Amino acid sequence: MYNFTDDTEDPDLIMTDQGTRVKGLNYNESVEIVFQGTGLLNGAGLHPMHMHGYSFYAVGMGEGNFDNETDPLKYNLVDPPKVNTFIVPKYGWLAIRFIANNPGVWFWHCHFDRHLTWGMETVFIVKNGNTEETSILPPPPNMPTCMANSREISIKESKNDDGDEGQNYL
């Protein structure tokens, strides 16, 4: 397992791939994300993370590297705080949960603009539910397309560390 909180700097980890990771979520899917603070760039300070369109529950937080076997056993599943922004602890981790019940395209990012260039952003596309009430209305027929006079977007297929396929829009 990689020691995320170690101070040694691996040159292969300093520069991130360019592009924004896009992850599709099914309507009403239960989502858990663990954010790991690192020792890279001397911990690079704190990261106030925010996702548009949602609030979520901060179910756990700890120091050091997240342990998938033991740390979830310490989660607060009774009365966790509901937040829309949180700070990933330096050299620690924070776990959040939410239900993907708001269809649309939602931007997740660190609130420090400089950190966006480090790859600290992603986009979740929450799919429509099975009813009209749980779906996004289609755009009006006379709405102009976004790319009408712009350059073509290239799409690079990629895989996450956990093997999930994703797309980076460049």
Calculated FRET value between N76 and E132, using beta carbons and R₀ = 35 Å, to 0.05: 0.45
So for each of 91-103, 71-83 I average, over its residues, the number of other beta carbons within 10 Å; can you give me the resulting order with the highest mean first? 91-103, 71-83
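Here, each number is a calculation from the coordinates, and none is a lab measurement. These numbers were taken from a predicted model, which means no experiment stands behind them. A quick note on method: Cβ atoms are made from the backbone with ideal geometry, for glycine too, and the neighbour counts reach across all protein chains shown.
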